[in-house]
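The values are calculated or read from the model by the stated rules, or taken from the named source; none is laboratory data. Because the structure is predicted, anything quoted here is derived from the model rather than measured. Cβ: placed from backbone, ideal geometry, glycine included. Neighbour counts: every protein chain shown.
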Ligand code: NAI
Ligand code: MG
């Protein structure tokens, strides 16, 4: 049976890296029925609507999406389609692992962090006001008990599932006494239910410094939306950059898989983007579907290609184009799957 999955190639480097991800996912032999849809700037320029109803209808049906990055204009212009999708389908947990691969020129080896970002509220709630006359701008951070419980409980559950040891809650409750204060208090409440996980908390500015100096001292991190956005790019930088960090947006009955990175307009259309991050998101999709052998084959093949080090993309100093990298990796995946069948 083929899995129905909504496919959003997205903007900028999106279509280039998504093509690589499809090639690698299909190399596992798992069958997908891709329902391809346009969203973001590409859809806006064609139809005047960055989030057409057909996209919502498709994900409503499949409850699964593989998504390329979508461009969001800064300042004026339409609201982020990424944020709208996360809110609409209540994918409250944005899971962003950062794990060292060989030959990625990151400043450290052996990094293995997972960041859980609250994905639907906080400063991204979309509650903004502009008082034109007095030139005063307000952005309201909305933190709810329900949203906080959802993400914090998910982080504990996922940490247990993955056999992790420690969860650090990151906040700014010293200054943001209401929003940060409630998030922190709920963290301490829920921690009571998970005695096997060591729980602690850090103030976000200190955490940014700690992660740059001693990333090895941390394991899992849970935080609110804006801090999670920033710290997930920071931990990407620890393991070789945005080209190598996949992610997943998870809700109770819907999941949208996308990379941490954006549409990278500076390199779009050149065929040189690193598709690893979206391929790692694809690996998370396979795991989500229970296709563990296929997911393991993708992870092992990725590791092997990085260990070999001769077919990497330009962001990591390698000579390969996006499609060369993906083709090489897909060949490895086919071999891994064949070896599994033989064994
Ligand atoms: P970006 O993540 O697109 O790019 C930051 C830097 O990382 C650039 O130098 C880019 O070339 C590099 N980079 C990113 N992905 C790469 C890859 N796969 N391989 C090699 N290099 C890569 O962030 P930026 O420039 O701040 O945002 C560009 C646009 O993307 C904006 O419109 C933003 O709103 C949107 N965006 C969308 C996201 C999403 O759809 N989930 C996430 C982040 C940004
Ligand atoms: Mg971001």
Please find, within the range 159-175, the residue that is farthest from residue 191 (Cα to Cα) out of those that are in contact with a strand residue (DSSP E or B) (Cβ under 7 Å, 6 or more places away or on another chain) and outside any loop (DSSP other than H, G, I, E, B).
-> 171
If we only count helices (runs of 4 or more DSSP H) wholly inside the range 1-97, which ones have 1 or more residues that are within 16 Å of ligand 2 (Cβ to nearest atom) and either more than 26 Å from residue 127 (Cβ to Cβ) or outside the structural domain of residue 118 (by TED's automatic domain parsing) (or both)?
-> 14-27, 81-88
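Residue-by-condition table, conditions (1) part of a strand (DSSP E or B); (2) on the phi > 0 side of the Ramachandran plot; (3) not assigned by TED's automatic domain parsing to the domain that holds residue 278:
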position	(1), (2), (3)
177	no, no, yes
189	no, no, yes
202	yes, no, yes
206	no, no, yes
209	no, no, yes
229	no, no, yes
234	no, no, yes
249	yes, no, no
List the helices (runs of 4 or more DSSP H) that sit entirely inside the range 255-343 and contain at least 3 residues that are touching a residue at least 24 places away in the same chain (Cβ under 8 Å) and more than 20 Å from the chain's Cα centre (by Cα).
-> 292-308, 322-342
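Here's the yes/no breakdown for (1) more than 11 Å from ligand 2 (Cβ to nearest atom); (2) at pLDDT 95 or above; (3) surrounded by fewer than 23 Cβ atoms within 10 Å (Cβ to Cβ):
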| site | (1), (2), (3) |
| --- | --- |
| 234 | no, yes, yes |
| 245 | no, yes, no |
| 259 | no, yes, no |
| 262 | no, yes, yes |
| 266 | yes, yes, yes |
| 271 | yes, yes, yes |
Would you check if there is a residue in the range 139-149 being more than 17 Å from the chain's Cα centre (by Cα), free of Cβ contacts under 8 Å to residues at least 12 places away in the same chain and part of a helix (DSSP H, G or I)?
-> yes
